[in-house]
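Each remark here refers to the structure printed beneath this line.
The values are calculated or read from the model by the stated rules, or taken from the named source; none is laboratory data. Keep in mind that this is a model prediction, so the values were computed, not measured. All Cβ positions, glycine included, derive from the backbone under ideal geometry; neighbour counts span all protein chains shown.
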Ligand code: NAP
Ligand code: 3JM
């Protein structure tokens, strides 16, 4: 059994990590829940017991086999090296290390095969939520047709920005429906209720946001091809859970829609929902709480005369496949491949 530490345990991703570990019966011997002094002392249930949240400190990583981190980039920058030095392997949910050459960036269904030994720095990165679901759907098509270019627009839920952002959507919606005027915007730069914001993470000099550039760079690294060109527009929408994406992809070879649907249906944890006549297509409301990546509205791009273009709609639960589930799947690969072995005899 493994000693597991969750850093950011009181957050939206942390809470989901606890749920996923329990649901998947991950071989946890001891679970340590870590956060800041703000939530230290809080008790969180795990497998019928209450675990008290502790303030992160160096001693908290003693004897830890696996660290699951989701407390923001600067917190990971400070504590991932500490945990790794103490002997743990860290699966980090932040963007802090993703593009570092000596840090594997993993979606298990796509490139989990590279995890056969302890990575040099003891750190593995979980990709951005929007990247994970997009590459999950694109990978089987890339393998068959050779991906050249992707243009994507995302419709990202507020839970991607944490628990406070979810409360902000509720509060704004409640006030607006009650005709109250004093709308408070703290988590987002503008009102998010009944609105859409083409702004996620910070703007860069290129005109793209950092969130958009994550999709550009992470896609190339995970699909192991620097020549794939990606352009993204990331939009925050007033949805609690589940990111949706309009993906336009261009390949080396012409695509066959029947074959595309077959390839996607055969991909582990991808579900094709594509029956427009019966109004069947992926929906964030239906993806909520589910593990799979849902793909629909699959069609040839009519603007592409040589038949090498494809459009599709990709939806997944950003807190599950987009974060906690993917991290636990990575941990499962580490266990299966004996990259991590329990240091404590505790069962
Ligand atoms: P959240 O709901 O705001 O939770 C933040 C968590 O981090 C809380 O547990 C908080 O503890 C903890 N924390 C904050 N500052 C800390 C510090 N200085 N020391 C120790 N713990 C600290 O945010 P979230 O949505 O769970 O996201 C957390 C992070 O995960 C994000 O910042 C992002 O980097 C990453 N993330 C990744 C993905 C992905 O796609 N891979 C998706 C979403 C988020 P307190 O309760 O004590 O404040
Ligand atoms: C998703 O460091 C921070 O403030 C966290 C910002 C953040 C990130 C990130 O860049 O790690 C919020 C939500 C992500 C992410 O997954 O990239």
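How many residues, within the range 266-323, are touching a strand residue (DSSP E or B) at 6+ places or on another chain (Cβ under 9 Å) and assigned to a loop (DSSP other than H, G, I, E, B)?
The total comes to 18.
Any residue that is within 16 Å of ligand 1 (Cβ to nearest atom), crowded, with 24+ Cβ neighbours inside 10 Å and closer than 18 Å to residue 295 by Cβ - is there at least one of those in the range 144-156? Write out each step before concluding.
Taking the range 144-156 and keeping what is within 16 Å of ligand 1 (Cβ to nearest atom), we get 152, 154-156.
Add one more test, that the residue is crowded, with 24+ Cβ neighbours inside 10 Å, and what stays is 154, 156.
Keeping just the survivors that are closer than 18 Å to residue 295 by Cβ gives 154, 156.
Yes, the range 144-156 has at least one match.
Take the residues in the range 65-88 that are surrounded by fewer than 23 Cβ atoms within 10 Å (Cβ to Cβ) and in contact (Cβ under 8 Å) with a residue 40 or more places away in the chain, then tell me which one is farthest from residue 225 (Cα to Cα).
87
Does residue 95 satisfy being under 20 Å from the mean Cα position of the chain (by Cα), surrounded by 15 or more Cβ atoms within 10 Å (Cβ to Cβ) and modelled with pLDDT of 95 or more?
When the stated conditions are applied, residue 95 passes them.
Please state which of the following conditions residue 155 fails to meet, knowing it meets all the rest: (1) within 16 Å of ligand 2 (Cβ to nearest atom); (2) not in a strand (DSSP E or B).
For residue 155, the failing item is (2).
Just checking, which of 255, 235, 247 is touching a helix residue (DSSP H, G or I) at 6+ places or on another chain (Cβ under 9 Å), assigned to a strand (DSSP E or B) and surrounded by 15 or more Cβ atoms within 10 Å (Cβ to Cβ)?
247
Could you identify the single residue in 34, 7 that is within 22 Å of the chain's Cα centre (by Cα), away from ligand 2 (no atom under 16 Å from the Cβ) and farther than 15 Å from residue 330 by Cα?
Just one listed residue meets the conditions, 34.
Which residue pairs have Cβ atoms closer than 8 Å, lie 6 or more positions apart in sequence or on different chains, and pair a first residue in the range 207-228 that is under 15 Å from residue 141 (Cβ atoms) and modelled with pLDDT of 95 or more with a second residue that is assigned to a loop (DSSP other than H, G, I, E, B) and away from ligand 1 (no atom under 14 Å from the Cβ)?
219/228
For every residue, the table says whether it meets (1) surrounded by fewer than 22 Cβ atoms within 10 Å (Cβ to Cβ); (2) more than 9 Å from ligand 1 (Cβ to nearest atom); (3) not in a loop (DSSP other than H, G, I, E, B).
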site	(1), (2), (3)
4	no, yes, yes
16	no, no, yes
19	yes, yes, yes
22	yes, yes, yes
30	yes, yes, yes
39	yes, no, no
44	yes, yes, yes
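List the number of the failed condition for residue 169; all other conditions in (1) surrounded by fewer than 16 Cβ atoms within 10 Å (Cβ to Cβ); (2) touching a residue at least 24 places away in the same chain (Cβ under 8 Å); (3) part of a helix (DSSP H, G or I) hold.
Among (1) surrounded by fewer than 16 Cβ atoms within 10 Å (Cβ to Cβ); (2) touching a residue at least 24 places away in the same chain (Cβ under 8 Å); (3) part of a helix (DSSP H, G or I), the lone unmet condition for residue 169 is (1).
Is there a residue being within 14 Å of ligand 1 (Cβ to nearest atom), modelled with pLDDT of 95 or more and under 20 Å from residue 133 (Cα atoms) anywhere in the range 52-66?
No, the range 52-66 has no match at all.
Please go through the range 72-104 and pick out each residue that is under 16 Å from residue 328 (Cα atoms) and either assigned to a loop (DSSP other than H, G, I, E, B) or within 12 Å of ligand 2 (Cβ to nearest atom) (or both).
The answer is 88, 92, 93, 94, 104.
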